[in-house]
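Presented below is the structure to which this report refers.
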Amino acid sequence: MTIWQRLRHTLRHGPATLPAAAPSAETAAALAARLDAAAQRRLGRSLAIRHVGAGGCDGCELELRALTGIVYDLERFGLRFVTSPRHADILLATGPLTRSMAEALARTHAAMGEPKWVVAVGDCAIDGGVFKGSYACLGGITTLPVDLVIRGCPPTPWQVLEGLRALIEANAAPAR
Amino acid sequence: MSAAAAIIRAGAAADQRPWPRHALSRDRWQAMAAALGAADAPSLQGVWAEAERVHALFLDAGSPLSASVEIAGGTYPALSPHCPAASWFERMIHDLFGHAAEGGRDVRAWLDHGAWATAAPLGPRQAALPPRVGAPEPPEFLLAEGEDLNQIGLGPVAGAIAEPAHLRLTAQGETLVRLEVRLGYAHKGTLGLMRGTPPRAAARFAARLSGSATVAHGLAYAHAVEAALGVVPPPRAVALRAVMAELERIRSHLDAAAAILAEAGAAFLETRFGWHREAMHEAAGRAFGHRLMMDGVAPGGLATDLAADGAAAIRAALEALAAELPDLVRRLDRSASLGTRMAGIGRLAPDLAAGFGASGPVGRASGRGGDARLVPGYPPYPALGLEVPTRAGGDVAARLRVRLGEVPQSTRLLRALLDALPDGTIATALPAASGEGLGVAESSRGTVWHWVRIEGGLIAAAFARDPDWLHWPLLEAAMRNGMLEDLPLCAASFGLTSSGVDL
Ligand code: SF4
């Protein structure tokens, strides 16, 4: 599509920002500014996230995919999902950590360079959630040092974003 | 009537509701199995187990038909030699219950990757088995034989944000000679967790079988429980369940369309479909207090009523979508490059789709017209009417078109439902009784079945058949001898999920 077609389309259908997201636009701007300063100090221009689905129901994944879509546009905060663990700064895990995923999770973590952080997203990643006590689960991301938890079943994209902001701030404390 | 259906119907009817289950002797079960190869044989939907018997569910001209056989000496006669679609189920039954499918065509482990504390965790002899020691065994794959063949393993951690799955690709140059899928990484022990809990409490497990179809799973489960206990949900609950289900359907189709168009390199269309998907999420959150509407459906009715401004939020999202959708579809039609990119890719032949009982967009894009909302049907759909779009092409383009064709249908249903919402209560209390029930619901990915046995007000046994049980093997078939580089696009058009199949 040419730029003219795109422009005409935008004029006809309005901009691609959710009206419901309007009250959050300020938070988003503030977030972007803070992230900018903090993330650059520690790790350079942007933070790369490697997601590991540790056997959840796909609900958390669904909201994470929404987070990368146009409405939230994660990349404007300097956060992006990558496929190679070697390029990742953050391991973001979802799911109750099924026993069958423990090895793959450990390997992904081992393949990441330092410094690295682990974020557990969703109630079942935190303590197993409703799957607590199952013969097939380890009760959340218990096999790695978790730096941050983001609650919810699933958390909304905004909750995930706010959580990641907290991580950046904590790790960008001065005198490091 | 086909020979297999006649054998099943001749079996003594057990009290499964609303459709009876026919208990067969081992000999009659074996005769039924042998007759499943016939062209007019009923279509296998699923096979599952409890401690002392194995169940098989078929659709015979649209009607559910159930058969069961008692376990003897730890075995039952396999269905897979005559009906390949039974194979994954037989492997699952072996791993969870320890029942062996005698003569099964594939006896490799499936859900059990060797990492659980015990073998056969749901089986009758589970306690007698020694605990596992040592490292998990690596999964076995089919061997590749031939010149210049390369095997590539992808996963279980693969893709940017994805559920765990392992794809074993056998390639010859750029050609994908064989694709083999290995699932089970997301096995959570859901069926075991449901046992011994009251049906209302167990609903949270049904709702977490597959996040993208949480309403459909919750609904099929509720239908099964209500059938088992003879409970009828109030009219307002029935209508609002359909509102949730159709919202979930539209959102999922938009999600799948955005994913397909992303793989096809159509960034603008991807963005627009993604935008409307998000608007549906937001509307659902406003209407029912949860963006995925998880735990909204409860056995007996609903757990949440519609919020005061809920109908307005849903209507606004539908208006915006209806205003732009025709334009987006026109762009799709007019783009010659998109048409070339999607046409003929990942073609699924109609006879294969039929052999594996494909439903939802995978089935409809290969000419199969079934929809559980109409046949066998459940309220409120038969009264509202519904057109089910089908295509004959069986390729990526056809699967995308079927999805987009369902969106206006669901929009019409939603408007009709919101215009005539009944007043009144949203739930009927469940008696602490006993019974066996089978429930069905149509998800955006196809037909979902749930089966429950309730004893004295507690779940004694349960099973959930996510539609992707039968769709993953069809993805394997559709990609056979395709181009390696087409796999991501083809996989997006199937839109398959792991968790519901992994249980
Ligand atoms: S926290 Fe909830 S939504 Fe997320 S994976 Fe677990 S069950 Fe699913």
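The values are calculated or read from the model by the stated rules, or taken from the named source; none is laboratory data. Nothing here was measured: the structure is a model prediction, and the numbers come from that model. Here the Cβ positions follow ideal geometry from the backbone for every residue, glycine too, while neighbour counts run over all protein chains shown. The accessibility values were calculated without ligands, DNA or RNA, using every heavy atom of the protein model including side chains. Shrake-Rupley method; radii C 1.70, N 1.55, O 1.52, S 1.80 Å.
Regarding the stretch B:211-224, can at least one residue be identified that is away from the ligand (no atom under 16 Å from the Cβ), open to solvent by 20 Å² or more (accessible area, probe 1.4 Å) and within 19 Å of the chain's Cα centre (by Cα)?
For the stretch B:211-224, residues away from the ligand (no atom under 16 Å from the Cβ), open to solvent by 20 Å² or more (accessible area, probe 1.4 Å) and within 19 Å of the chain's Cα centre (by Cα): present.
Pairs, please: C-beta under 8 Å, at least 6 apart or cross-chain, first residue more than 22 Å from residue B:183 (Cβ to Cβ) and in the stretch B:76-88, second assigned to a loop (DSSP other than H, G, I, E, B)?
Correct list of pairs: B:76/B:99; B:77/B:103; B:81/B:103; B:81/B:104; B:81/B:105.
List every residue pair whose Cβ atoms lie under 6 Å apart, where the two residues are 6 or more positions apart in sequence or sit on different chains, the first residue falls within the stretch B:446-464 and is polar (S, T, N, Q), and the second residue, located anywhere, is buried (at least 24 other Cβ atoms within 10 Å of the Cβ).
B:447/B:359; B:447/B:372; B:447/B:467
What are the residue pairs meeting all of these: first residue in the stretch A:74-97, first residue closer than 18 Å to residue B:165 by Cα, second residue among the acidic types (Asp, Glu) and within 16 Å of the ligand (Cβ to nearest atom), Cβ atoms under 8 Å, and 6 or more apart or on different chains?
Correct list of pairs: A:94/A:61.
Take the residues of the stretch A:118-129 that are within 13 Å of the ligand (Cβ to nearest atom) and of a type in the set (A, V, I, L, M): which is farthest from residue B:117 (Cα to Cα)?
Across the stretch A:118-129, the extreme among qualifying residues is A:121.
Among residues belonging to the stretch B:274-289 that are more than 10 Å from chain A (Cβ to nearest Cβ) and within 16 Å of the ligand (Cβ to nearest atom), point out the one that is surrounded by the fewest Cβ atoms within 10 Å (Cβ to Cβ).
B:289
Name the residues in the stretch B:399-416 that are surrounded by fewer than 22 Cβ atoms within 10 Å (Cβ to Cβ), touching a residue at least 12 places away in the same chain (Cβ under 8 Å) and either farther than 29 Å from residue B:346 by Cβ or not assigned by TED's automatic domain parsing to the domain that holds residue B:368 (or both), would you?
B:415, B:416
Which residue, of B:204, B:200, is touching a residue at least 60 places away in the same chain (Cβ under 8 Å), open to solvent by 10 Å² or more (accessible area, probe 1.4 Å), assigned to a helix (DSSP H, G or I) and within 12 Å of chain A (Cβ to nearest Cβ)?
From the options B:204, B:200, the qualifying one is B:204.
Kindly indicate whether residue B:446 is assigned by TED's automatic domain parsing to the domain that holds residue B:381, crowded, with 24+ Cβ neighbours inside 10 Å, under 16 Å from the mean Cα position of the chain (by Cα) and at positive phi.
So residue B:446 fits the description; yes.
Those residues that are crowded, with 16+ Cβ neighbours inside 10 Å and in a loop (DSSP other than H, G, I, E, B), I need them from the stretch B:319-350; list them, please.
B:335, B:345, B:346, B:347, B:348
Return the total of residues in the stretch A:92-117 being in contact with an Asp or Glu (Cβ under 7 Å, 6 or more places away or on another chain) and within 16 Å of the ligand (Cβ to nearest atom).
Going through the stretch A:92-117 one residue at a time, the tally reaches 1.
Residue A:71 fails exactly one of the following numbered conditions: (1) more than 16 Å from the ligand (Cβ to nearest atom); (2) closer than 18 Å to residue A:48 by Cβ; (3) open to solvent by less than 20 Å² (accessible area, probe 1.4 Å). What is the number of that condition?
(2)
Consider only pairs whose beta carbons are under 9 Å apart and that are at least six residues apart or on different chains; among these, list those whose first residue lies in the stretch A:119-135 and is over 20 Å from residue B:191 (Cα atoms) and whose second residue is near the ligand (Cβ under 7 Å from one of its atoms) and among the hydroxyl-bearing types (Ser, Thr, Tyr).
Pairs that qualify, where the first residue is over 20 Å from residue B:191 (Cα atoms) and the partner is near the ligand (Cβ under 7 Å from one of its atoms) and among the hydroxyl-bearing types (Ser, Thr, Tyr), are A:120/A:94; A:121/A:94; A:122/A:94.
If we keep just the residues of the stretch B:356-369 that are out of contact with any helix residue (DSSP H, G or I) (no Cβ under 7 Å at 6 or more places or on another chain) and open to solvent by 10 Å² or more (accessible area, probe 1.4 Å), which is modelled with the lowest pLDDT?
Here the answer is B:369.
Being in contact (Cβ under 8 Å) with a residue 12 or more places away in the chain and open to solvent by 20 Å² or more (accessible area, probe 1.4 Å) is the filter; apply it to the stretch B:290-303 and report the residue that is nearest to residue B:320 (Cα to Cα).
B:290
If you take the residues of the stretch B:290-302 that are more than 21 Å from the chain's Cα centre (by Cα) and over 15 Å from residue A:59 (Cβ atoms), which of them is nearest to the other protein chains (Cβ to nearest Cβ)?
B:302
Just need a number here: residues in the stretch B:251-265 that are surrounded by fewer than 24 Cβ atoms within 10 Å (Cβ to Cβ) and either more than 12 Å from chain A (Cβ to nearest Cβ) or not in a helix (DSSP H, G or I) (or both).
Qualifying residue count for the region: 2.
Within the stretch A:53-74, identify whether any single residue is modelled with pLDDT under 55 and within 7 Å of chain B (Cβ to nearest Cβ), and answer yes or no.
no
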